[in-house]
C-alpha cells in the first residue's frame with residue numbers, strides 16, 4: 001500500500017518534471033481550454049509510459065516546488081471525461097492528499113495514470129487540438145507526435161523504485177491517526193475504524209441527531225494508510241455508516257428559496273475493503289433537483305443578473321442586495337436545475353467578482369462542485 005504523501009514528496013525530490021510525472025499549480029476543468037490541456041497531458045504521459053504508472057501533482061509551484069495546495073476536488077466522474085475524449089483511454093484516479101503544512105481546506109491533488117499499453121489519442125476535437133492527435137512527453141513538455149511512433153520503456157525501474165520508497169508502514173499509520181485526532185481536529189470529536197486489520201479510516205465533524213440518525217457537518221474523512229482525504233466540506237452534511245467490510249458516506253446538500261431550505265441527498269460513496277489489501281470505491285449519484293415555480297425563478301434570475309452587473313460596475317450594494325448576494329450561487333444553481341440553461345454560464349463567469357466575498361465564494365465552490373458531479377450523469 002502506497003502512502004500518497006510520501007509518493008508526492010519522492011516525486012518532487014526525484015528531479016524536475018520529466019516523462020513520467022508533471023506538476024501543476026492548478027488545473028481548470030470548467031473551461032474547454034483547461035480540459036484540453038489536461039487531456040493533452042494525460043494522453044502524453046500515458047503514451048510515454050506504457051509499462052508503468054505516471055503522475056500529475058497539483059498544487060505545487062513550478063519553479064520552487066513550494067507546496068501551496070488546491071481546493072478539495074472530488075469529481076468521481078473524471079474518468080468519464082477521459083473516456084469521452086481519449087481513444088484507448090488510460091485508467092486515472094484523482095486523489096486529495098493531506099499535508100500538515102497546508103490550511104485545513106487545502107490539499108495536494110495527485111492524478112495517477114495507468115496505461116492500457118496501446119497508443120492513446122484524442123477521440124474528437126477539443127479547443128485547438130484535433131481529433132486523432134497523439135501526444136508524447138519530450139522531457140517536461142507534452143508534444144504532438146506522428147502516428148508511426150515506437151515507444152520504449154525507459155521509466156519502469158525508476159517509477160518502481162519511487163513507489164517502493166513510498167510504501168506505508170505501521171509508524172506512518174500511527175503518526176497519521178495521532179495527527180488527525182490531536183492536531184488537525186483537536187476542536188472536534190474524532191473517530192476511527194479499522195477494516196480487515198489493515199485499513200484505518202478516521203473522520204471528524206460536528207454531530208447532530210435527527211430522529212435517531214447521526215449527521216455530521218464540517219466533515220473531514222481520511223484513509224490514513226494512504227494519507228488520502230475521502231471527503232471534505234465545510235457546508236454540506238453527511239451520514240456515515242459502516243460494517244466490517246465497507247464504509248459508506250452519504251452526502252446531503254442544503255437548497256431552497258426564501259429561507260425555506262431543505263437537505264437533498266446528493267451522492268453515496270461506498271468503500272469496500274478486501275482481505276487481499278485492496279479496496280474499491282463505488283459512487284452513486286442520488287440527486288433529484290427540487291422544482292420551483294418558473295415565475296418566482298424568473299424574478300430571482302433577473303435579480304442575480306442585476307447583482308452581477310452591479311459588481312462588474314463597482315456599484316455599492318444595499319443591505320437587501322448583500323443578503324441576496326449571499327444566496328446568489330445557490331439560487332443560480334437552482335435556476336440551472338430548473339432549465340434556466342444560461343444560469344450555469346453566468347455563475348461561472350461571476351467567479352472573480354465573488355472571490356472578495358469569502359462566504360459567497362465558498363458557496364460558489366460548493367455550487368460548482370454539485371454542477372460538476374451531475375454533469376456526466
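Computed quantities for the displayed model
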| read-out | value |
| --- | --- |
| Relative contact order (%) - the chain, alpha-carbon pairs under 8 angstrom, separation at least six | 13 |
| Coarse-grained scattering of the range 223-376 at q = 0.14, 0.21 Å⁻¹, given as base-10 log I(q)/I(0) from a Debye sum over alpha-carbon atoms | -0.75, -1.36 |
| Between helix 32-48 and the chain: long-axis angle, C-alpha atoms, 0 to 90°, nearest 10 | 20 |
| Once the Cα gyration tensor of the range 70-165 is diagonalised, semi-axes √(5λ) in Å | 27, 20, 12 |
| GNM flexibility winner over the chain from 334, 92, 27 (Cα, springs under 10 Å) | 27 |
| Long-range tail of P(r) for the range 187-244 (Cα pairs > 16 Å, %) | 45 |
| Pairwise label distance in nanometres, residue 263 with residue 88, each label 7 Å out on the Cα-Cβ vector | 4.8 |
| At R0 = 35 Å, FRET efficiency that the Cβ-Cβ distance of residue 196 and residue 154 yields, to 0.05 | 0.45 |
| Cα-based Kirkwood hydrodynamic radius, the chain, one decimal, Å | 22.5 |
| Rg and Dmax of the range 294-375, Cα atoms only, in Å | 11.9, 35 |
| Theoretical gain in end-to-end length, residue 298 to residue 361 [0.36 nm per residue, Cα-Cα removed] | 20.4 nm |
| Residues in the range 7-50 that a label on residue 143 would reach, taking backbone N under 15 Å of a point 7 Å out along Cα→Cβ | 18-20, 44-45, 48 |
| Degrees separating the helix 294-312 axis from the principal Cα axis of the chain, which is the longest one | 70 |
| Over the range 170-285: Rg over Rh, Cα atoms, Kirkwood Rh | 1.00 |
| Mean residue ellipticity (222 nm) of the chain, computed from DSSP H runs ≥ 4 via -39,500 (n - 2.57), nearest 500 | -10000 deg cm²/dmol |
| Quotient of Cα Rg and 2.2 N^0.38 Å for the range 219-263, N being how many residues it contains | 1.47 |
| DSSP-defined antiparallel bridges as percent of all bridges, the chain, nearest 5 | 95 |
| Nearest 10 degrees, 0 to 90: helix 319-337 Cα axis against the chain principal axis | 60 |
| Rg [Å, one decimal], Dmax [Å, integer] - the range 4-165, C-alpha atoms | 15.1, 48 |
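Throughout, read-outs are computed from the coordinates displayed, never taken from laboratory work. Not measured: the values here are computed from a predicted model. Please note: Cβ atoms are built from the backbone with ideal geometry, for glycine as well, and neighbour counts cover all protein chains shown.
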